[in-house]
Amino acid sequence: MVATTRGTAAFVDHSVLPDDFFTIHLHQGIKIDHFPTECKLMIETEPLKKMDFDVAVNGMSWIIISKRLAETLKKVLYPNDVELLPIPLYDQKGEKVIRDDFYVINALKTFGRSIISNKSVALKSGFILNTILIEKNIPKNIHIFRIKAEQCANKLVVDNVVRKALCSQPHDGLSFIPIEAEY
């Protein structure tokens, strides 16, 4: 699952994060409980004045969704599989909260190379372009997880249960890219 700038997705064009906050934790399955109060994500508000949106796209590879989509996720996920971290969206100056009903998805389940088939297509550098998962190595009833192998760019993977739940809600901004699996 990736966030894209199609439709009415907002774009975080500037962020302020404290130096002691390690964003890498969001890619490693580490529970962080909450964002520091100094964290600010600023969005361009002019094009969004008359629009409602459910996704905030950003350059940090965070999946940021509205409360409505977060509530949909909660219905199909086990609480220990994901952390939904509230984060307000600010105006471009970082002075006024525009929306206070957004959440960053922190997938708490992670898997490394053990779930990646050696049939996956890789560049000479080792970076995997076309990931093929080994289905039997993924525990049953895991609906969302990250591949934290560096070669896979920390992909957030969701199964059809999550995809169908999110697609049942009208929204713009999320794209689901199929990943091949071997059994």
Under a point-charge model restricted to the Cβ atoms of Lys and Arg (+1) and Asp and Glu (-1), what is the dipole moment magnitude of the chain relative to its Cα centre, in debye to the nearest 20?
640
Extend 7 Å from the Cα of I179 along its Cα-to-C-beta direction; within the stretch 127-150, residues with backbone N under 13 Å of that point are 128-139, 142-150
For A122, enumerate residues with amide H under 5 Å from its amide H, sequence gap 5+ or separate chain, H modeled in the peptide plane.
L129
Label model pair D33, Q92: point-to-point distance (7 angstrom along the Cα→beta-carbon line) in nm is 3.7
Set K109/K136; K93/K155; K67/K155; K75/K96 screened for pairs whose C-alpha atoms are more than 21 Å apart
K93/K155; K67/K155; K75/K96
Run down the aspartates and glutamates and flag those whose C-alpha is under 18 Å from the C-alpha of K124, throwing out any fewer than 8 positions away in its chain.
E150
Multiplying the sequence separation of N80 and D100 by 0.36 nm and subtracting their Cα-Cα distance, what value in nm do you get?
4.8 nm
State the antiparallel share, in %, of DSSP beta bridges confined to the stretch 2-182, rounding to the nearest 5.
75
FRET efficiency estimate (nearest 0.05) - Cβ-Cβ, D52 to I24, R0 45 angstrom:
0.90
Taking the chain as a Gaussian network, Cα atoms linked when under 10 Å apart, which of Q28, Q169, Q92 shows the biggest mean-square fluctuation?
Q169
Pop a pseudo-label 7 angstrom from the Cα along the beta-carbon direction at both N160 and N118 and give the gap in nm to one decimal.
3.0
Give the dimensionless ratio obtained when the Cα radius of gyration of the chain is divided by 2.2 N^0.38 Å.
1.05
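Read-outs throughout are calculated quantities, based only on the coordinates presented, and are distinct from any laboratory measurement. Values in this document were obtained by computation on a predicted structure and should not be read as measured data. Cβ: placed from backbone, ideal geometry, glycine included. Neighbour counts: every protein chain shown.
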